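The values are calculated or read from the model by the stated rules, or taken from the named source; none is laboratory data. Computed from a predicted model, the values in this text were never measured in an experiment. Glycine also receives a Cβ, built like all others from the backbone with ideal geometry; neighbour counts cover every protein chain displayed. Side chains are part of the model used for accessible areas, which takes the heavy atoms of the whole protein and leaves out ligands, DNA and RNA. Shrake-Rupley method; radii C 1.70, N 1.55, O 1.52, S 1.80 Å.
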Amino acid sequence: MKTQAKTLYPFVPSGADFKLALRFFEELGFVKEWGDESLAGLRFGGAYFLLQNINIPLWQENQMLTYVVSSLDEYWKELSEKDLPAKYPGVKLGAPKQFPWGRELHFIDPAGVCWHVRE
């Protein structure tokens, strides 16, 4: 095949509260580039996804996504200072760890989606 993919923009469920999910992702560094009450395009540097106002727990609890940051330790410091689990119900935040495939931190967003963040 001669055509090459350039990027991937996944749809991510917001869970029960779309506005809360938007605020959460803004605290992570994502900026809303466009959107309405049902769909929003969020960007953080080169990372981009579509936050969809939908609540399907079975999907949310089984979805995992990964994005890459310029400094995992710096990002961890910024996130841990925000005390996100206290502000957002269901949010969990795990410190960076070494895995066989590389070093990552993990968090669960308000909808229950598991995110992997790498350097």
*Considering only region 38-53, state which residues are surrounded by fewer than 15 Cβ atoms within 10 Å (Cβ to Cβ) and among the polar types (S, T, N, Q).*
Ser38
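For every residue, the table says whether it meets (1) crowded, with 16+ Cβ neighbours inside 10 Å; (2) at pLDDT 95 or above; (3) not aromatic (Phe, Trp, Tyr).
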position	(1), (2), (3)
Lys6	no, no, yes
Phe24	yes, yes, no
Val31	no, yes, yes
Asp36	no, yes, yes
_I want to confirm something. Restricting to region 83-119 and keeping residues that are of a type in the set (Asp, Glu) and open to solvent by less than 30 Å² (accessible area, probe 1.4 Å), which single residue is farthest from Asp17 (Cα to Cα)?_
Glu104
*For region 8-28, which residues satisfy the criterion of being without any contact (Cβ under 8 Å) to a residue 24 or more places away in the chain, of a type in the set (A, V, I, L, M, F, W, C) and closer than 23 Å to Glu78 by Cβ?*
none
*Single unsatisfied condition, Tyr67 versus (1) over 19 Å from Arg118 (Cα atoms); (2) open to solvent by less than 60 Å² (accessible area, probe 1.4 Å)*: (1)
*Got a sec? Which of Phe99, Phe25 is within 14 Å of the chain's Cα centre (by Cα) and not basic (Lys, Arg)?*
Phe25
